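J.: Can you read through this structure? Questions will come right after.
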Amino acid sequence: MKKRLLSVLLSTTMIAAVLAGCGSTASSSSQDTTTPAEETPADDGATDTTTGDDANAETDTNAGTDTAAADGTADAATGVEGLDIGVCIYNFADNFMTLYRTELERYLTAGGASVTITDGKNDQAEQTNQIQNFITEGVDVLIVNLVQSSAAEQITDQCAAANIPVVFINREPDDAEKERWTTEGIKATYVGADARQSGTFQGEILLATPNKGDINGDGKVSYVMVQGDPENVDAQYRTEFSIKALTDGGMTVEELDKQRGDWDQARGQEIVANALTNQGDAVEVVFCNNDAMALGALQAIETAGRVVGEDIYLLGVDALTEALQNVIDGKMTGTVFNDHFGQSHAAAQAAADFAAGKDLETLIGVDYIKVTQENAQEILDLVQ
Ligand code: GAL
């Protein structure tokens, strides 16, 4: 059931067709239950190693609808059997990246890869060391969620010098760097979603409300913006494109406050509590660059006695389980599904393709999905 839903939702949204290679049977593994991890504390250990053990996995009955190339619905990665894969995550404490790495590890391991995952603890120097260790060990491929996107050039060069392909995820290196990979023939790619789309979707969700966000009817949408880490292109684009969608939709906007919340729930709560104290009823909309901060914002909104959907709107991105439940209950206006299944599967496929000696595009894209009360239950069934 869940798998069928995945097929329908993801087949319409994945744009990872740039990947080469296709059509083999997907299999279901003995460990294919993904635990949504946002309520679970992140691991403390900096390193986690698992090895694929399900060579005897049953054949999946829905396999006919699956394709091997970056398939968001497949249960196991293909082409990774026997590969030694190093995965560097920027921070195990990040809710969304915990979902992402859990699925990435499960999917690669189910495909027979040996996977070691490290926690960069939000420290680029620490992550750079971890990458150097992987290079010394001689892993076949690296999958890297940079702490700082600006470190891409240095990391790429280190990997290229050791002849190890690198698949960047979640934090996108800039265009000049990606172009360099092509001109210099470097085996590097970026797999991710286009954050402009998630911002646009947030704005569109607001435009679809009866008053288009202008609750008090004064002719403008007065909002508070809670940003992620502003070094991150996801934070920059979500901030810009949510508002652009409103102005493109003919609305006048007023920014009451904009603060960096670094993707963190407690920071989201603090920022929105302050904004509501300082700006009171003037605040009509709270945009959060992610759901963790939106969950914090909701705590502040409720403490202030405000009611989402009545006197304030609240938007996030990611589709964390708790946020989806809030959308269903009307406590959040909407969110945007940051498809960690599609992204982790496309990253695994890119690793397999590089290891097989293929050349890849420098950008492999996966779509977001807009989530409102209409489809939140469907997305919840999918992620649970
Ligand atoms: C974003 C996600 C955030 C955070 C961030 C880390 O795509 O929406 O919740 O995980 O990535 O880079």
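Bear in mind that the values in this text are calculations on the coordinates, not laboratory data. Please read all numbers here as calculations on a predicted model, not as lab measurements. Virtual Cβ from ideal backbone geometry, glycine too; neighbours counted across all protein chains shown.
J.: Could you go through the range 204-214 and let me know if any residue there is surrounded by 15 or more Cβ atoms within 10 Å (Cβ to Cβ), closer than 25 Å to VAL87 by Cβ and not acidic (Asp, Glu).
T.: Within the range 204-214, none of the residues are surrounded by 15 or more Cβ atoms within 10 Å (Cβ to Cβ), closer than 25 Å to VAL87 by Cβ and not acidic (Asp, Glu).
J.: So, in the range 344-384, how many residues would count as being within 16 Å of the ligand (Cβ to nearest atom) and closer than 18 Å to GLY199 by Cα?
T.: Of the residues in that region, 7 qualify.
J.: Scan the range 99-129 for residues that are surrounded by 24 or more Cβ atoms within 10 Å (Cβ to Cβ) and β-branched (Val, Ile, Thr) and report the count.
T.: Total meeting the criteria: 2.
J.: Can we say VAL224 is farther than 24 Å from THR98 by Cβ, buried (at least 16 other Cβ atoms within 10 Å of the Cβ), among the hydrophobic types (A, V, I, L, M, F, W, C) and touching a helix residue (DSSP H, G or I) at 6+ places or on another chain (Cβ under 7 Å)?
T.: Yes.
J.: A follow-up question, please. What number of residues within the range 255-269 satisfy the criterion of being outside any strand (DSSP E or B) and surrounded by fewer than 17 Cβ atoms within 10 Å (Cβ to Cβ)?
T.: Qualifying residue count for the region: 1.
J.: May I ask you to say which residue of THR183, THR156, THR200 is of a type outside the set (A, V, I, L, M, F, W, C) and under 21 Å from THR239 (Cβ atoms)?
T.: Only one candidate passes the filter, namely THR200.
J.: Something else: So which residues in the range 242-254 are over 24 Å from GLU310 (Cβ atoms) and part of a strand (DSSP E or B)?
T.: Selection gives nothing.
J.: Another question, if that's okay. Restricting to the range 224-241, and then to whatever is charged (D, E, K, R) and assigned to a helix (DSSP H, G or I), can you tell me which residue is farthest from the ligand (Cβ to nearest atom)?
T.: The qualifying residue farthest from the ligand (Cβ to nearest atom) is GLU240.
J.: If a residue must be closer than 15 Å to GLU302 by Cα and among the basic types (Lys, Arg), how many such residues does the range 249-278 contain?
T.: Going through the range 249-278 one residue at a time, the tally reaches 0.
J.: Looking at the structure I just gave you, is VAL191 among the β-branched types (Val, Ile, Thr) and under 15 Å from ILE312 (Cα atoms)?
T.: no
J.: Looking at PHE168, PHE134, can you tell me which residue is under 20 Å from CYS88 (Cα atoms), aromatic (Phe, Trp, Tyr) and in contact with a Gly (Cβ under 7 Å, 6 or more places away or on another chain)?
T.: That would be PHE134, the only listed residue that is under 20 Å from CYS88 (Cα atoms), aromatic (Phe, Trp, Tyr) and in contact with a Gly (Cβ under 7 Å, 6 or more places away or on another chain).
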